[in-house]
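J.: Below you will find the structure I want to go over with you.
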Amino acid sequence: MVFTIAPKASVGTNTATCNQATIVFDTNAALSTPTWCNSFDKTPPVSSVTALPATETSTSFTVQWSGTDAGAGIASYTIYVSDTGGGYTAFQTNTTATSATFTGQFGHTYAFFSQAVDLVGNLEASKSAPDTTTSVVIPAQTCASNVSGSISIARSGYLSKFGIKRFYQTVTLTNITAASVTGPIALVALNSTSTLFNASGATTCAAPLGSPYIIATPSSLAPGASVSVSLQFTDPTKAVTTYTTRVLAGTGVD
């Protein structure tokens, strides 16, 4: 025989129903079984994704969520995400974890919401609005400062090797102020007809963009201290070549 019993509508979550039976063997006295109780759980869990900052500057960031359940307890979560106003798709499905790393794209906005299910199968209702939203933005660059006014520039050791089309010169940078110049320190050297052969890189933040530079060592200059940088230009077109210089210092030298 199979039968199904439904609780009364008035029975609330965590209401217990208990039963006990007696067993009679032959003509022996009745034996009582232990009392067994079951609790009703008809309340869905409640969950949410933890609020994210309005903007993220990395394409990968941590998403966290949590929830509560009045009855049997939460079994798992499904986390949904929308990309820049699009439809929601599952980011995490039936997971017992409470955090995960999400990877997006710069210039996109992501909305998240969670849906939990408890240990007896009660499913949290889907949501019409996200729990939290964030936009992934390109981080602002920190540009190095132009400290040319604090540095004296002395050129020496001119050498031209026409066989390999190379021009050499030593440039000495001296801090002429009473304050330290904090590095990294970069010497930018521009020539309209030649290329800086031994450049450390080219500026991507400090204007004009694409200017070749050489990183000086040591990276900072105390008052009165000096550092020398060797310049090498390729393809000099004559015995004397002309170039302009400026000195950059600080985080974001490129």
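J.: Restricting the search to the stretch 39-95, which residues are out of contact with any Asp or Glu (no Cβ under 7 Å at 6 or more places or on another chain), small (Gly, Ala, Ser) and surrounded by 18 or more Cβ atoms within 10 Å (Cβ to Cβ)?
T.: Within the stretch 39-95, GLY67 is the sole residue that qualifies.
J.: In addition: Just to be sure I understand the filter: pairs with C-beta atoms under 7 Å, separated by 6 or more residues or on different chains, first member in the stretch 88-111 and more than 13 Å from VAL49 (Cα to Cα) and free of Cβ contacts under 8 Å to residues at least 40 places away in the same chain, second member open to solvent by less than 90 Å² (accessible area, probe 1.4 Å) and not in a strand (DSSP E or B). Which pairs pass?
T.: Listed by first residue and then by second, the contacts come to HIS108/THR84; THR109/THR84.
J.: Among the residues of the stretch 85-100, write down those that are more than 18 Å from the chain's Cα centre (by Cα) and hydroxyl-bearing (Ser, Thr, Tyr). Give the steps one after another, and end with the answer.
T.: Kept after step one, since they are more than 18 Å from the chain's Cα centre (by Cα), are these residues of the stretch 85-100: 85-90, 92-98.
Answer for the stretch 85-100, where residues must be more than 18 Å from the chain's Cα centre (by Cα) and hydroxyl-bearing (Ser, Thr, Tyr): TYR88, THR89, THR93, THR95, THR96, THR98.
J.: Here's something else I'd like to know. With respect to ALA189, determine if the residue is modelled with pLDDT under 80, in a strand (DSSP E or B) and crowded, with 20+ Cβ neighbours inside 10 Å. Steps first, answer last, please.
T.: Working: modelled with pLDDT under 80: yes; in a strand (DSSP E or B): yes; crowded, with 20+ Cβ neighbours inside 10 Å: yes.
Answer is yes for this residue.
J.: Answer with yes or no whether PRO218 is exposed (fewer than 14 other Cβ atoms within 10 Å of the Cβ) and within 39 Å of the chain's Cα centre (by Cα).
T.: When the stated conditions are applied, PRO218 passes them.
J.: What's the total number of residues in the stretch 18-67 that are closer than 30 Å to PHE106 by Cα and among the hydroxyl-bearing types (Ser, Thr, Tyr)?
T.: Residues in the stretch 18-67 being closer than 30 Å to PHE106 by Cα and among the hydroxyl-bearing types (Ser, Thr, Tyr): 10 in total.
J.: Here's a check for you: in the stretch 1-38, which residue that is surrounded by 10 or more Cβ atoms within 10 Å (Cβ to Cβ) and either of a type in the set (A, V, I, L, M) or closer than 30 Å to ILE138 by Cα (or both) is farthest from the chain's Cα centre (by Cα)?
T.: Selected residue: LEU31.
The values are calculated or read from the model by the stated rules, or taken from the named source; none is laboratory data. Given the structure is predicted, the values throughout are model-derived calculations rather than measurements. Don't worry about glycine lacking a Cβ; one is built from the backbone with ideal geometry, like all the others, and counts go over all protein chains shown. SASA here: full protein model, heavy atoms, side chains in, ligands and nucleic acids out. Shrake-Rupley method; radii C 1.70, N 1.55, O 1.52, S 1.80 Å.
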